[in-house]
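Only one structure is covered here, and it is reproduced in the block below.
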Amino acid sequence: MLRGLVGLFALIYLSIRFVHLLRYRDFPASQFAPIGVVSVLQGPLPAWLVVSLVVLTWGLSITFMLGVWHRLLSPLFAFALLWTLTYRSSWGMIFHTENLLVIHVLVLALAPSADTFAWRKPALTRSAWTHGLAIRLMCLVTVLAYFVAGWAKLRNAG
Amino acid sequence: MRLLLALVLHALVAILVVAPAFRDPPRDDFPLSNYPMFSERKDPRVTIQQVVARAPGGPEVVLPPRFVANEEVMQAAATIRRAMSAGPAALSQLCSEVSERVGRADDPELGLATQVEIYSRRFHAVKYFSGDTSPEHEETLARCQVAR
């Protein structure tokens with residue numbers, strides 16, 4: 001259920017930002033400042049590839065939300081989301097508001113999070129402890145992200 | 001064994017998340033960050049570009065980003081910066097485009113506007129938000145008539 005909710009959030013977020021994400025195909029190469037996984041690029045991607053990746057990410061958010069072929073498509077979605085949003089932040093301004101969304105999707109995509117609310121439920125049953133692991137990791141990441149921000153603020157304030 | 005693996009996983013993730021803040025110098029990245037908006041001292045003086053419409057004898061109206069590019073503030077800012085980098089001809093072209101949109105706008109505040117101006121202005125952020133919104137310094141980048 002948590003994966004479904006996070007997937008729904010990602011789907012809505014990507015839908016709202018869809019046109020905005022496509023606009024980066026027209027930005028001049030001089031403004032390209034790659035970060036994170038996009039650092040492997042020497043220059044901006046061709047426009048057709050930017051559009052394809054945004055559309056692919058949007059489509060995969062639906063399969064992630066529904067738990068379709070989770071073991072294959074959810075990690076693919078997590079990486080596509082990581083790439084698409086990192087690409088968006090590779091033009092001089094990093095959108096920190098998207099950090100936790102990406103990390104939470106990564107955790108859920110790599111965890112067994114499609115055992116109950118899913119298109120095809122797996123035959124095996126896992127313990128609540130196993131399912132709780134991803135939730136605990138998400139909580140840890142959330143708390144630490146705010147800790148880092150708060151710690152930086154206090155350190156700066158003296 | 002399962003508990004040990006879980007603890008190791010949690011520890012690794014925790015180190016990954018906090019690591020950017022402890023690097024020297026701290027490093028901002030995506031999706032792991034040191035959240036520099038909190039960890040750097042900000043210069044209160046900031047230079048931004050503004051596009052304004054002006055009616056004869058009236059106050060200037062700072063135009064919203066949709067007159068420059070679209071609803072996205074950052075993209076409107078990038079459009080002006082790009083025109084600045086390209087030179088006076090590009091700024092004049094941008095000014096003309098904005099003036100056409102002002103001329104077509106169904107906005108009573110802009111109904112009497114006759115001129116569009118693009119400025120680069122330096123503000124003191126603390127003073128600005130204390131009520132003194134006048135720029136410390138400004139440079140006119142382009143000026144054009146509103147096309148009606």
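Restricting B:Glu117, B:Glu97, B:Glu109 to those that are at pLDDT 90 or above and farther than 22 Å from A:Asp26 by Cβ reduces the list to B:Glu117.
Looking only at region A:1-20, residues that are closer than 19 Å to A:Leu106 by Cβ, in contact (Cβ under 8 Å) with a residue 40 or more places away in the chain and of a type in the set (A, V, I, L, M, F, W, C) come to 8 in all.
Yes or no, residue by residue, for (1) within 27 Å of A:Ala33 (Cα to Cα); (2) more than 19 Å from the chain's Cα centre (by Cα); (3) β-branched (Val, Ile, Thr):
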site	(1), (2), (3)
B:Gln50	yes, no, no
B:Leu63	no, no, no
B:Ala78	yes, no, no
B:Ser96	no, yes, no
B:Pro108	no, yes, no
B:Ser130	no, yes, no
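Listed by position, the helices (runs of 4 or more DSSP H) enclosed by region B:1-94 that each have at least 1 residues that are surrounded by 14 or more Cβ atoms within 10 Å (Cβ to Cβ), at pLDDT 85 or above and β-branched (Val, Ile, Thr) are B:2-22, B:73-86. Just one of the listed residues (B:Ser96, B:Ser92, B:Ser120) is under 30 Å from B:Arg41 (Cα atoms), among the small types (Gly, Ala, Ser) and in contact with a strand residue (DSSP E or B) (Cβ under 7 Å, 6 or more places away or on another chain), namely B:Ser120. Among the criteria (1) polar (S, T, N, Q); (2) in contact with a Phe, Trp or Tyr (Cβ under 9 Å, 6 or more places away or on another chain); (3) within 7 Å of chain A (Cβ to nearest Cβ), the one B:Ser33 does not fulfil is (2).
Look at A:Arg3 and say whether it is surrounded by 16 or more Cβ atoms within 10 Å (Cβ to Cβ) and within 24 Å of A:Val141 (Cβ to Cβ).
Working: surrounded by 16 or more Cβ atoms within 10 Å (Cβ to Cβ): yes; within 24 Å of A:Val141 (Cβ to Cβ): yes.
For A:Arg3, the condition - surrounded by 16 or more Cβ atoms within 10 Å (Cβ to Cβ) and within 24 Å of A:Val141 (Cβ to Cβ) - is met.
Considered as a group, the residues in region A:28-38 that are within 21 Å of A:His96 (Cβ to Cβ) and at the interface with another protein chain (Cβ under 7 Å from one of its Cβ atoms) include one that is modelled with the lowest pLDDT, and that residue is A:Gln31.
The values are calculated or read from the model by the stated rules, or taken from the named source; none is laboratory data. Just so it is clear, the structure is predicted and the values come from calculations on it, not from any experiment. A quick note on method: Cβ atoms are made from the backbone with ideal geometry, for glycine too, and the neighbour counts reach across all protein chains shown.
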